[in-house]
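Contents: one structure, followed by commentary.
The values are calculated or read from the model by the stated rules, or taken from the named source; none is laboratory data. These numbers come from a predicted model, not from an experiment. Here the Cβ is made from the backbone with ideal geometry for all residues, glycine too, and neighbour counts use every protein chain on show. When the accessible area is computed, the model is the full protein with side chains, heavy atoms only, and any ligands, DNA or RNA have been set aside. Shrake-Rupley method; radii C 1.70, N 1.55, O 1.52, S 1.80 Å.
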Amino acid sequence: MRFLLRLAFEVSGHQVEEAPNGLAAIQAVEGGRAPDLIATDFMMPLMNGGELIARLRANPVTADVPVILVSSSPGSEQKTAADAFFRKPFDPVELEERAAELLARRRG
């Protein structure tokens with residue numbers, strides 16, 4: 001999944017950083033500058049996407065970072081405060097279009 005997300009964003013010219021699980025993602029964003037956008041799967045080891053998003057929203061540095069959740073888990077979109085949801089398999093063009101909308105909204 002990380003490869004597909006990376007590919008979808010890099011093809012559109014975005015710089016991508018990856019984390020192998022939710023805990024590593026939290027450590028990465030807490031240790032540096034907040035990213036412009038986060039795309040995550042719901043099912044991950046150590047910390048699922050729902051927990052990741054809750055931690056991001058609770059941190060003032062990352063609370064406003066747009067989050068796209070990608071999942072095949074039924075009902076996972078209702079368990080999080082994600083800004084956008086895509087069910088697997090997703091359309092990479094639709095994913096990039098939604099990401100562009102979220103980034104434009106954030107930049108004002």
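May I ask you to list pairs of residues, at least six apart or on different chains, whose Cβ atoms are under 6 Å apart, with the first in the range 64-90 being of a type in the set (Gly, Ala, Ser) and the second being open to solvent by 20 Å² or more (accessible area, probe 1.4 Å) and outside any loop (DSSP other than H, G, I, E, B)?
From the range 64-90, the pairs are Ala81/Arg57; Ala84/Arg98.
Would the range 38-48 turn up any residue that is among the hydroxyl-bearing types (Ser, Thr, Tyr) and open to solvent by 60 Å² or more (accessible area, probe 1.4 Å)?
Checked against the condition, which is being among the hydroxyl-bearing types (Ser, Thr, Tyr) and open to solvent by 60 Å² or more (accessible area, probe 1.4 Å), the range 38-48 yields no hits at all.
Could you check how many residues of the range 1-35 are acidic (Asp, Glu) and either open to solvent by less than 30 Å² (accessible area, probe 1.4 Å) or not in a loop (DSSP other than H, G, I, E, B) (or both)? Don't jump to the end; show me each part of the working.
Filtering the range 1-35 down to residues acidic (Asp, Glu) leaves 10, 17-18, 30.
Subset that is either open to solvent by less than 30 Å² (accessible area, probe 1.4 Å) or not in a loop (DSSP other than H, G, I, E, B) (or both): 10, 30.
Residues meeting the conditions: 2.
Sort through Pro74, Pro45, Pro60 and tell me the only one that's assigned to a loop (DSSP other than H, G, I, E, B) and under 21 Å from Val16 (Cβ atoms). Before you say what the answer is, go through the steps one by one.
Values: Pro74 fails: under 21 Å from Val16 (Cβ atoms); Pro60 fails: under 21 Å from Val16 (Cβ atoms).
Pro45 is the lone residue from the list that is assigned to a loop (DSSP other than H, G, I, E, B) and under 21 Å from Val16 (Cβ atoms).
Please specify each residue of the range 2-16 satisfying the condition of being over 14 Å from Val93 (Cβ atoms) and either of a type in the set (A, V, I, L, M, F, W, C) or in contact with a strand residue (DSSP E or B) (Cβ under 7 Å, 6 or more places away or on another chain) (or both).
Phe3, Val16
Go through (1) over 12 Å from the mean Cα position of the chain (by Cα); (2) without any contact (Cβ under 8 Å) to a residue 40 or more places away in the chain one by one and return the number of the condition Ile53 breaks.
Against the list (1) over 12 Å from the mean Cα position of the chain (by Cα); (2) without any contact (Cβ under 8 Å) to a residue 40 or more places away in the chain, Ile53 comes up short only on (1).
Report the residue count in the range 58-102 for those that are open to solvent by 30 Å² or more (accessible area, probe 1.4 Å), more than 25 Å from Gly13 (Cα to Cα) and more than 12 Å from the chain's Cα centre (by Cα).
Counting residues in the range 58-102 that are open to solvent by 30 Å² or more (accessible area, probe 1.4 Å), more than 25 Å from Gly13 (Cα to Cα) and more than 12 Å from the chain's Cα centre (by Cα) gives 8.
Under 8 Å between Cβ atoms, which residue pairs at least 6 apart in sequence (or on different chains) link something in the range 12-36 that is free of Cβ contacts under 8 Å to residues at least 40 places away in the same chain and under 13 Å from Val65 (Cβ atoms) with a partner that is surrounded by 14 or more Cβ atoms within 10 Å (Cβ to Cβ) and among the basic types (Lys, Arg)?
Matching pairs, first to second residue: Ile26/Arg55.
Tally time: how many residues in the range 22-63 are among the small types (Gly, Ala, Ser) and within 19 Å of Arg98 (Cβ to Cβ)? Lay out the reasoning, then the answer.
First pass over the range 22-63, keeping only residues among the small types (Gly, Ala, Ser): 22, 24-25, 28, 31-32, 34, 39, 49-50, 54, 58, 63.
Filter again for within 19 Å of Arg98 (Cβ to Cβ), leaving 39, 49.
Within the range 22-63, residues that are among the small types (Gly, Ala, Ser) and within 19 Å of Arg98 (Cβ to Cβ) number 2.
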